[in-house]
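Here is the structure we will look at, set down as structure tokens.
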Amino acid sequence: MAKASKAPVKASAKAVSKPAAADGQGKAAAKAEAKPAKTAPAAKAATTAKAAAKPATKAAPTKTSATKTSPAKASPTKASPTKTGATRATSPAKAAPTSKPAPAATKGLPKALTELAAGLPEKPWLKSYPKNVPAEIGALPYSSIGDFLVAACKQFSSQPAFTCMDKSISYADVEQLSAAFGAYLQSKGLQKGARVALMMPNVLQYPVAMMGILRAGYVVVNINPLYTPRELEHQLKDSGAQAIVILENFANTLQAVIARTAVKHVVVAAMGDMLGGLKGTIVNFVVRRVKKMVPAWSLPGHVKFNAAMKAGAGLGFKPAKVAADDVAFLQYTGGTTGVSKGATLLHRNVLANVVQNAQWMEDAYTIKPKPAHPNFICALPLYHIFALTVNALMGMQQGARNVLIPNPRDIPGFVKELAKYPAHIFPGLNTLFNALLNNEDFRKLDFKPLVLTLGGGMAVQKGVAERWKALTGCPVTEGYGLSETSPVATANKFSSGDFTGTIGLPLPSTEIAIRDDDGNNLPLGEVGEICIRGPQVMAGYWNRPDETAKVMTKDGYFKSGDMGFMDARGYTKIVDRKKDMILVSGFNVYPNELEEVVAMHPGVLEVAAIGVPDEHSGEVPKLFIVKKDPALTAEAITAFCRENLTGYKRPKYIEFRTELPKTPVGKILRRALRA
């Protein structure tokens, strides 16, 4: 979730001149060569095609809220992909097609749907809204993320935009460098709408490449750099990516699969590329030779990042004509079904969420003045939707500096970075907060500048929240969202000093409905599936109309798969997950994927996966296995999983059984294993 400083509301004051259709549901499909889903409704589209809040006034800092995020422990990564026979996109040219936004409210809906909508409570959350936050976001001033970011770069040109390992680049630098990278990609003959993958941790090359891709009219495909070859291959094939920018540390993973993908253009970056001559050389030497973090790799025809930048700088950049309904990101997630799918996020989806967060953030500055030069701490990975929107995009909307942390698992190193800059906005998740609280040097830092701590990705434990507030004086404010909602859907009020244990209130122009299995709205206080409608809801799953149909309702709501209830004040509390998903430090792990992978081991007869409580990660996977080979050992399974699954998906516990509980028709009963 994200909130914005007073500045953004002024900024969005222009954007708010035309209120968005109050109950408009937009059925978006996304324009793409392979349509993501013809039926994909993009809930409540802000009816003006323009999108995104204008950059905040100079002083504007921002607060943002949470969604699934990366763990402190293991390099965060996106929700797990699964082996699905993904179709390779054929013609990269057009971005995913999307149907026009649907008319507002229930007008013109069939009688059954009109009656369904009539059963909704009258937005009980509005009576709990902060006084200075509007109910609707209104018309948006930009039609593309590229235009929005260029405007921010011009407004805050001399201010630092991103800092990593003591090297800063200004907003003016980001504009110039992204144009050079965009020009390089255009010189390769890529057509508008082509997918370009980014496989990097938090380094300066990420925002430069991301902005260059979008300005050139291409689609960003974010990839977790810790993926195994199997996981990477699926995502590259499914997205139809034709180009990739990858950190050399992970190039050997790409080497193993590139021949089976559509990737033709490879740009390889190194940790020291943008750190300056001498420092960059030293960093690269240490990473490669001393720490030996770069396994041997060979990618014939690749281009080094700095060479691509130099080539692009000598070319003329031609900004692409990008529309609000064009695809901006394919954000891969297991969604609610466990099948790895690309959430198709249009430019207007993401821009709307920036405005929503900006308006919500105004509430924070009623308690503590906004700093003249805000700093966002970016420990969560930019390839994850939470940090992408809340740190990178919201930070630039606010004219803030994002302090990039490439490896948040190195807590002592992270704390040293925190000592260098006053931290104003701190998005994180429970495991990260807990790890920091247990570090002696962290407890010695000056927390007076801290304005907002945002918790997301997994439930923040009450004990951690209490310890954090006692130490820093700043409460942890929880929010909720998903890759499918760009990501923020709800947030607690930033002006509240209390830890509520809820996911808060729907953001402006967002509706929450609690429904039963038949799609009926439930009364306040009753548990059902949390359904979300708003302009930030995705257009659908890339090339998966069948999966899109499973999660989108006829009246434009996205079915989250989470179970919860809404109280009389409009606050929603999650009580359970509808599916058997395991939540490890904010990351979705799906039993189906684990079972499919482990079942490939020749010594396994049957396998079932569940989540079990864990003090540090919230939950961890546990496997129950029936042996085919009596000599099979837990060590052999662990080694097999290490080869085929990224770290957070690997089982922590393995139990062998002679048989697994099943239904009369032979379906394994996971609930019996949990008992």
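Exactly one of (1) open to solvent by less than 30 Å² (accessible area, probe 1.4 Å); (2) touching a helix residue (DSSP H, G or I) at 6+ places or on another chain (Cβ under 8 Å); (3) part of a loop (DSSP other than H, G, I, E, B) is unmet by Pro371. Its number?
For Pro371, the exception is condition (2).
Taking segment 623-643 as the region of interest, how many residues are assigned to a helix (DSSP H, G or I) and either open to solvent by less than 70 Å² (accessible area, probe 1.4 Å) or among the small types (Gly, Ala, Ser) (or both)?
Restricting attention to segment 623-643, the residues satisfying the condition of being assigned to a helix (DSSP H, G or I) are 634-643.
Right, trim to either open to solvent by less than 70 Å² (accessible area, probe 1.4 Å) or among the small types (Gly, Ala, Ser) (or both) and you get 634, 636-641.
Residues in segment 623-643 being assigned to a helix (DSSP H, G or I) and either open to solvent by less than 70 Å² (accessible area, probe 1.4 Å) or among the small types (Gly, Ala, Ser) (or both): 7 in total.
Does Ala194 satisfy being touching a Ser or Thr at 6+ places or on another chain (Cβ under 7 Å) and more than 25 Å from Arg401 (Cβ to Cβ)? Spell out how you get there, then give the answer.
On the way: touching a Ser or Thr at 6+ places or on another chain (Cβ under 7 Å): no; more than 25 Å from Arg401 (Cβ to Cβ): yes.
Taking the combined requirement at face value, the residue does not satisfy it.
Looking for something surrounded by fewer than 24 Cβ atoms within 10 Å (Cβ to Cβ), in contact with a strand residue (DSSP E or B) (Cβ under 9 Å, 6 or more places away or on another chain), basic (Lys, Arg) and under 24 Å from Gln176 (Cα atoms) - is there at least one such residue anywhere in segment 309-323?
So far as segment 309-323 goes, no, none of its residues is surrounded by fewer than 24 Cβ atoms within 10 Å (Cβ to Cβ), in contact with a strand residue (DSSP E or B) (Cβ under 9 Å, 6 or more places away or on another chain), basic (Lys, Arg) and under 24 Å from Gln176 (Cα atoms).
Within segment 496-507, can one find any residue that is in contact with a Ser or Thr (Cβ under 7 Å, 6 or more places away or on another chain), of a type in the set (S, T, N, Q) and either buried (at least 22 other Cβ atoms within 10 Å of the Cβ) or closer than 17 Å to Val133 by Cβ (or both)?
Taking segment 496-507 first, the residues in contact with a Ser or Thr (Cβ under 7 Å, 6 or more places away or on another chain) are 502-507.
Pick out the ones that are also of a type in the set (S, T, N, Q) and you get 502.
With either buried (at least 22 other Cβ atoms within 10 Å of the Cβ) or closer than 17 Å to Val133 by Cβ (or both) added as a condition, the list becomes none.
Scanning segment 496-507 turns up no residue that is in contact with a Ser or Thr (Cβ under 7 Å, 6 or more places away or on another chain), of a type in the set (S, T, N, Q) and either buried (at least 22 other Cβ atoms within 10 Å of the Cβ) or closer than 17 Å to Val133 by Cβ (or both).
Would you check which residues across segment 528-560 are assigned to a strand (DSSP E or B), surrounded by fewer than 22 Cβ atoms within 10 Å (Cβ to Cβ) and not acidic (Asp, Glu) and list them?
Initial filter on segment 528-560 (assigned to a strand (DSSP E or B)): 528-533, 540-541, 552, 558-560.
Now drop any that are not surrounded by fewer than 22 Cβ atoms within 10 Å (Cβ to Cβ), which leaves 528-529, 559.
Listed by number, the residues that qualify are Gly528, Lys559.
Report, by residue number, each residue of segment 448-467 that is touching a helix residue (DSSP H, G or I) at 6+ places or on another chain (Cβ under 8 Å) and part of a loop (DSSP other than H, G, I, E, B).
Hits for segment 448-467 are Leu450, Val451, Gly456, Gly457, Met458, Ala459, Val460, Gln461.
Within segment 562-580, restricting attention to residues that are surrounded by fewer than 15 Cβ atoms within 10 Å (Cβ to Cβ) and outside any loop (DSSP other than H, G, I, E, B), which residue is modelled with the highest pLDDT? Before you say what the answer is, go through the steps one by one.
Taking segment 562-580 as the starting set, the residues that turn out to be surrounded by fewer than 15 Cβ atoms within 10 Å (Cβ to Cβ) are 567-569, 575-576.
Okay, now just the ones that are also outside any loop (DSSP other than H, G, I, E, B), so 575-576.
Working: Val575: 83, Asp576: 71.
My answer is Val575.
For segment 196-236, how many residues are in a helix (DSSP H, G or I) and open to solvent by 10 Å² or more (accessible area, probe 1.4 Å)?
The initial filter retains those residues of segment 196-236 that are in a helix (DSSP H, G or I), namely 205-215, 229-236.
Retained after the next criterion (residues that are open to solvent by 10 Å² or more (accessible area, probe 1.4 Å)): 215, 229-230, 233-234.
Residues in segment 196-236 being in a helix (DSSP H, G or I) and open to solvent by 10 Å² or more (accessible area, probe 1.4 Å): 5 in total.
Would a scan of segment 652-670 turn up a residue that is open to solvent by 30 Å² or more (accessible area, probe 1.4 Å), among the polar types (S, T, N, Q), over 30 Å from Gly463 (Cβ atoms) and touching a residue at least 60 places away in the same chain (Cβ under 8 Å)?
Pass one, segment 652-670, residues open to solvent by 30 Å² or more (accessible area, probe 1.4 Å): 652-659, 661-670.
Within this subset, residues satisfying the condition of being among the polar types (S, T, N, Q) are 658, 663.
Still in the list and also over 30 Å from Gly463 (Cβ atoms): 658, 663.
Restricting the remaining residues to those that are touching a residue at least 60 places away in the same chain (Cβ under 8 Å) gives none.
No, segment 652-670 has no match at all.
Only one residue in Val604, Val598, Val620 is surrounded by 15 or more Cβ atoms within 10 Å (Cβ to Cβ), modelled with pLDDT under 95 and under 20 Å from Met581 (Cα atoms). Which one? Walk me through it before giving the result.
Values: Val604 fails: under 20 Å from Met581 (Cα atoms); Val620 fails: modelled with pLDDT under 95.
Of the residues listed, the single one that is surrounded by 15 or more Cβ atoms within 10 Å (Cβ to Cβ), modelled with pLDDT under 95 and under 20 Å from Met581 (Cα atoms) is Val598.
Against the definition (open to solvent by less than 10 Å² (accessible area, probe 1.4 Å), touching a residue at least 24 places away in the same chain (Cβ under 8 Å), of a type in the set (A, V, I, L, M) and not in a strand (DSSP E or B)), how does Leu388 come out, yes or no?
Values: open to solvent by less than 10 Å² (accessible area, probe 1.4 Å): yes; touching a residue at least 24 places away in the same chain (Cβ under 8 Å): yes; of a type in the set (A, V, I, L, M): yes; not in a strand (DSSP E or B): yes.
Taking the combined requirement at face value, the residue satisfies it.
Scan segment 132-169 for residues that are out of contact with any His (no Cβ under 7 Å at 6 or more places or on another chain) and either on the phi > 0 side of the Ramachandran plot or open to solvent by less than 20 Å² (accessible area, probe 1.4 Å) (or both) and report the count.
Summing the residues that are out of contact with any His (no Cβ under 7 Å at 6 or more places or on another chain) and either on the phi > 0 side of the Ramachandran plot or open to solvent by less than 20 Å² (accessible area, probe 1.4 Å) (or both) in segment 132-169 gives 18.
Among residues belonging to segment 432-449 that are open to solvent by less than 10 Å² (accessible area, probe 1.4 Å) and within 18 Å of Asn391 (Cβ to Cβ), point out the one that is farthest from the chain's Cα centre (by Cα).
Only one residue fits best here, namely Leu436.
Could you go through segment 290-297 and let me know if any residue there is open to solvent by less than 50 Å² (accessible area, probe 1.4 Å) and under 25 Å from Tyr218 (Cβ atoms).
Of segment 290-297, the ones open to solvent by less than 50 Å² (accessible area, probe 1.4 Å) are 294.
Now restrict to residues that are under 25 Å from Tyr218 (Cβ atoms): none.
No; the residues of segment 290-297 include none that is open to solvent by less than 50 Å² (accessible area, probe 1.4 Å) and under 25 Å from Tyr218 (Cβ atoms).
What pairs come out if I take residues in segment 275-299 that are at pLDDT below 95 and pair them with residues that are surrounded by fewer than 10 Cβ atoms within 10 Å (Cβ to Cβ) whose C-beta lies under 9 Å away, six or more apart or interchain?
Between residues of segment 275-299 that are at pLDDT below 95 and residues that are surrounded by fewer than 10 Cβ atoms within 10 Å (Cβ to Cβ), there is no close pair.
Filter segment 289-312 down to the residues that are in a helix (DSSP H, G or I) and more than 16 Å from Pro201 (Cβ to Cβ) and list them by number.
Taking segment 289-312 as the starting set, the residues that turn out to be in a helix (DSSP H, G or I) are 289-290, 305-312.
Arg289, Val290, Asn306, Ala307, Ala308, Met309, Lys310, Ala311, Gly312, listed by residue number.
Report, by residue number, each residue of segment 430-447 that is modelled with pLDDT of 95 or more and in a loop (DSSP other than H, G, I, E, B).
Asn439, Glu440, Asp441, Leu445, Asp446, Phe447, listed by residue number.
Have a look at Gly455, Gly399, Gly395 and point out the one that is open to solvent by less than 40 Å² (accessible area, probe 1.4 Å), in contact (Cβ under 8 Å) with a residue 12 or more places away in the chain and at positive phi.
On the way: Gly455 fails: at positive phi; Gly395 fails: at positive phi.
Answer to the check: Gly399.
Here is a list of conditions, (1) of a type in the set (A, V, I, L, M, F, W, C); (2) part of a strand (DSSP E or B); (3) more than 25 Å from Ser496 (Cα to Cα), and Phe376 meets all of them except one; can you say which number that is?
Result: Phe376 passes all but (3).
So, Ala636, is that one touching a helix residue (DSSP H, G or I) at 6+ places or on another chain (Cβ under 8 Å) and touching a residue at least 12 places away in the same chain (Cβ under 8 Å) or not? If you could, list the steps in order and put the result at the bottom.
On the way: touching a helix residue (DSSP H, G or I) at 6+ places or on another chain (Cβ under 8 Å): no; touching a residue at least 12 places away in the same chain (Cβ under 8 Å): yes.
No: the conditions fail for Ala636.
Residues being closer than 19 Å to Ala161 by Cα, among the aliphatic types (A, V, I, L, M) and in contact with a strand residue (DSSP E or B) (Cβ under 8 Å, 6 or more places away or on another chain): count how many of those fall in segment 355-381.
Count: 4.
Among the residues of segment 498-522, count how many are assigned to a loop (DSSP other than H, G, I, E, B) and free of Cβ contacts under 8 Å to residues at least 60 places away in the same chain. Steps first, answer last, please.
Just the residues of segment 498-522 that are assigned to a loop (DSSP other than H, G, I, E, B), to begin with: 498-503, 507-510, 516-520, 522.
Okay, now just the ones that are also free of Cβ contacts under 8 Å to residues at least 60 places away in the same chain, so 498-499, 516-518, 522.
Number of matching residues: 6.
Those residues that are in contact with a Leu (Cβ under 9 Å, 6 or more places away or on another chain), open to solvent by less than 10 Å² (accessible area, probe 1.4 Å) and outside any loop (DSSP other than H, G, I, E, B), I need them from segment 181-195; list them, please. If you could, list the steps in order and put the result at the bottom.
Of all residues in segment 181-195, those in contact with a Leu (Cβ under 9 Å, 6 or more places away or on another chain) come to 182-184, 186-187, 194-195.
With the extra rule that they be open to solvent by less than 10 Å² (accessible area, probe 1.4 Å), the set shrinks to 182-183, 194-195.
Those that are in contact with a Leu (Cβ under 9 Å, 6 or more places away or on another chain), open to solvent by less than 10 Å² (accessible area, probe 1.4 Å) and outside any loop (DSSP other than H, G, I, E, B): Gly182, Ala183, Arg195.
The values are calculated or read from the model by the stated rules, or taken from the named source; none is laboratory data. Because the structure is a prediction, the values reported are computed rather than measured. Neighbour counts run over all protein chains shown; Cβ positions are idealised from the backbone, glycine included. The protein model used for the area step is the full one, side chains on, heavy atoms only, and it has no ligands, DNA or RNA in it. Shrake-Rupley method; radii C 1.70, N 1.55, O 1.52, S 1.80 Å.
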